[in-house]
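S.K.: Once you've had a glance at the structure underneath, I'll fire off some questions.
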Amino acid sequence: MSVPLAYSDIVRAPKVLLHDHLDGGLRPRTVVELAAETGYRDLPTTDVDELAEWFRVQADSGSLVRYLETFSHTVGVMQTKDALARVAAECALDLARDGVVYAEVRFAPELHIEQGLALTEVVDSVLHGFEAGAAEAAAEGHTIRMGTLLTAMRHAARSREIAELAVAYRDAGVAGFDIAGAEAGFPPTRHLDAFQYIKRENGHFTIHAGEAFGLPSIWEALQWCGADRLGHGVRIVDDIEADSEGVVDPRDGVARLGRLAAYVRDKRIPLEMCPSSNIQTGAASSIAEHPIGLLRDLRFRVTVNTDNRLMSDTSMSKEFTLLSEAFGYGWGDLRWFTINAMKSAFLPFDERLRLIDDVIKPGYEALMA
Ligand SMILES: [Zn+2]
């Protein structure tokens, strides 16, 4: 098998996705159609191709703040039950067609109540959509298991309420909780109450940390808030000193880990890395220079994710293809990322094992044969 791997083969590999935003993954055509149906008039263009290009250009600006502005349009058309269900169904179907076998997709219920929906109606609509999309995918021969994370916005004050909503829906398809939004000026410790509530309820949560902002953000997320996983966590490299040639062999101890980086690796804290997105927001300068190469060499619990498929014009298969091209990753590496992600999912242990043993390992064995 030659490296880099071909995109068309990578699509056939079983993949696991832990970090994907529902409002960042709409089909461009759906944005245009929903705007017409729901009376949303603020789109920069109603031409599908021009709109797809517009999202890419905006997201390429290199600023997290401008990147986040693109969401006013996707969120703008996701204000009715039907729109939410349609976007969720298409999300499940698109992921399944890309070979994703397990996904945790997140969204912020508080962003979808502008036209009067209750938070519970928002969550119900999305869960119905995921179910319908997964059923449609199954009819096509693609099996996907969908999980949901409820996100609270870090600049807002509803995190405790959203955390309670996540716990209330834990047996109905919601696997965990998250906070997202611009990091600077909004440390995760503002939401301690929500995190402590989730902990007391034996729930799971991840925190967007160490994307645009540095080590203090990661440290707070882990040591004050108790996050199970880190959304991005790219800046953990600021606590690692590699040798001057940049050659790293963990067995030789060439790289020196600071106390926080050592903690993250020792405790097997999953890093939800999103290579294309990290480049667009300026967290990394290119795929080849993305810290994922170093962190994989050092055997951190690295996972690969899409973040926002619309804004980054990406998919799990595209991310894996870019990494294979940049780092020469073969099937063994992609299987390692995939098993890392499955081990880190907010799914019961026995179900994670079953997916690893019955779906992921046999899937890669067939490709490697
Ligand atoms: Zn994200």
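Taken together, the values in this text are just the output of simple stated rules run on the coordinates, not laboratory data. These figures come from a predicted structure and were not determined experimentally. We place every Cβ from the backbone using ideal geometry, glycine too, and count neighbours over all the protein chains shown.
S.K.: Using Cα pairs under 8 angstrom and six or more residues apart, how large is the relative contact order of the chain, in percent?
M.R.: Worked out over the chain, it gives 21 percent.
S.K.: For the pair ALA288 and GLU365, what calculated FRET efficiency results from E = 1/(1 + (r/R0)^6), where r is the Cβ-Cβ distance and R0 = 35 Å, to the nearest 0.05?
M.R.: Efficiency at R0 = 35 Å is approximately 0.75.
S.K.: Follow-up. Just to confirm the filter: which trypsin sites (Lys or Arg not before Pro) across segment 1-70 are DSSP coil and have at most 16 other Cβ within 10 angstrom of their Cβ?
M.R.: Loop-located and lightly packed - ARG12, ARG41.
S.K.: By per-residue mean of other Cβ atoms within 10 Å, what is the highest-first order of 44-52, 281-289? All intermediate terms of the calculation are to be shown ahead of the outcome.
M.R.: Numbers: 44-52: 14.0, 281-289: 16.7.
So the order, starting with the most tightly packed, is 281-289, 44-52.
S.K.: Something else now. Under 1.5 on a/c is rounded, so check that first for segment 139-251, then, if it is not, pick prolate when a/b is larger than b/c and oblate when it is not; a ≥ b ≥ c are the square roots of the alpha carbon gyration tensor eigenvalues.
M.R.: Oblate shape, in that a/c is at least 1.5 and b/c is the bigger or equal ratio.
S.K.: Among ASP239, ASP350, what is the fewest-to-most ranking by other Cβ atoms within 10 Å?
M.R.: Going from sparsest to densest Cβ surroundings: ASP350, ASP239.
S.K.: How far apart, in nm, are two points set 7 Å out from the Cα along the Cα-to-Cβ line at ILE113 and at ALA36?
M.R.: 3.2 nm
S.K.: If a paramagnetic tag sat 7 Å from the Cα of ASP60 along the Cα-Cβ line, which residues of segment 265-283 would have the backbone N under 18 Å from that point?
M.R.: Counting only backbone N, you get 275-283.
S.K.: Taking R0 as 30 Å, what FRET efficiency do you get between GLN223 and GLU53 from their Cβ-Cβ distance, rounded to the nearest 0.05?
M.R.: With R0 = 30 Å, the Cβ-Cβ based efficiency is 0.10.
S.K.: If we count every other residue with Cβ under 12 angstrom of ALA284's Cβ, Lys/Arg +1 and Asp/Glu -1, where does the sum land? Mind showing how you got there, number by number?
M.R.: Values: positive: ARG235; negative: GLU211, GLU289.
Residues near ALA284 contribute -1 overall.
S.K.: First measure r as the distance between the Cβ atoms of THR46 and ARG200, then evaluate 1/(1 + (r/R0)^6) with R0 = 41 Å and state the FRET efficiency to the nearest 0.05.
M.R.: 0.30
S.K.: Another one. Only Cα pairs under 8 Å and at least 6 apart count here; give the relative contact order of segment 1-149 as a rounded whole percent. Each step should come with its number before you reach the end.
M.R.: Details: 197 pairs, mean separation 43.8, N = 149.
It rounds to 29 percent for segment 1-149.
S.K.: DSSP H helices in the chain with Cα extent of 27 Å or more along the helix axis and mean Kyte-Doolittle hydropathy at least 0.0?
M.R.: 119-139
S.K.: Let me check I've understood the local charge: for SER324, count other residues with C-beta under 12 angstrom from its C-beta, Lys and Arg +1, Asp and Glu -1. What total comes out? Numbers along the way, then the final one.
M.R.: Working: positive: LYS318; negative: ASP9, GLU319, GLU325, ASP333.
Surrounding charge for SER324 is -3.
S.K.: On to the next question. Test of understanding: extend the Cα→C-beta vector of ASP358 to 7 Å, then name every residue of segment 327-350 with backbone N under 16 Å from that spot.
M.R.: Within reach of a label on ASP358: 347-350.
S.K.: Exposure proxy check: GLU37, GLU272 ranked by fewest other beta carbons within 10 Å? Provide the component values of the computation, followed by the final result.
M.R.: On the way: GLU37 13, GLU272 25.
Placing the least packed residue first, the sequence is GLU37, GLU272.
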